[in-house]
């Protein structure tokens, strides 16, 4: 029986809480493990609006705007495949993830954010090749670190 002084789920990640004398504790523990497994070191396959045709348990996606199929109404959420089912997670401020399709890290504040790749210097009447080389190296390092996308 839940304690009236406490919620039955955690406020940030909606994890189930256990209570003394609770029946079927294994279902709560299994749900807790599945949710923690999906959110810990979060890496998505890609951002999609349509669920993949053959998802594998343990994979996750960022649901794109105007989703369809099993993802209808879940835009902006994380869809994780677990035990042949979809678990959806509402992002919270401070959450980060790795987009495996782009190699870029995304950060959630009020929306998912990622910086754009800076435009490399070109043209001009006076060309400083050393400065351009340094800027190109900085941008390449930012791409390699997943800070900005490759394209």
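Structure data summary
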{"item": "Scan of region 23-45 for residues that are part of a loop (DSSP other than H, G, I, E, B) and either surrounded by 12 or more Cβ atoms within 10 Å (Cβ to Cβ) or touching a residue at least 60 places away in the same chain (Cβ under 8 Å) (or both), ordered by number", "result": "42, 45"}
{"item": "Selected residue (criterion: surrounded by the most Cβ atoms within 10 Å (Cβ to Cβ)) from residues of region 61-70 that are within 13 Å of the chain's Cα centre (by Cα) and not in a loop (DSSP other than H, G, I, E, B)", "result": "61"}
{"item": "Meets criteria (modelled with pLDDT of 95 or more and loosely packed, with under 15 Cβ neighbours inside 10 Å) for residue 58", "result": "no"}
{"item": "Qualifying residue in region 71-86 (condition: within 21 Å of residue 148 (Cα to Cα) and out of contact with any strand residue (DSSP E or B) (no Cβ under 6 Å at 6 or more places or on another chain))", "result": "yes"}
{"item": "Inter-residue pairs, beta-carbon under 9 Å, first without any contact (Cβ under 8 Å) to a residue 12 or more places away in the chain and in region 46-69, second outside any loop (DSSP other than H, G, I, E, B), 6+ apart", "result": "52/61; 52/81"}
{"item": "Selection status of residue 139, under 19 Å from the mean Cα position of the chain (by Cα) and over 30 Å from residue 27 (Cβ atoms)", "result": "no"}
{"item": "Region 71-90, residues that are touching a helix residue (DSSP H, G or I) at 6+ places or on another chain (Cβ under 9 Å), in a loop (DSSP other than H, G, I, E, B) and more than 11 Å from residue 61 (Cβ to Cβ)", "result": "83"}
{"item": "Residue in region 99-117 that is more than 30 Å from residue 138 (Cβ to Cβ) and in contact (Cβ under 8 Å) with a residue 40 or more places away in the chain present", "result": "no"}
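The values are calculated or read from the model by the stated rules, or taken from the named source; none is laboratory data. Keep in mind it's a predicted model, so treat the numbers as computed, not measured. With ideal geometry, Cβ positions are generated from the backbone for all residues, glycine too; neighbour counts draw on all protein chains shown.
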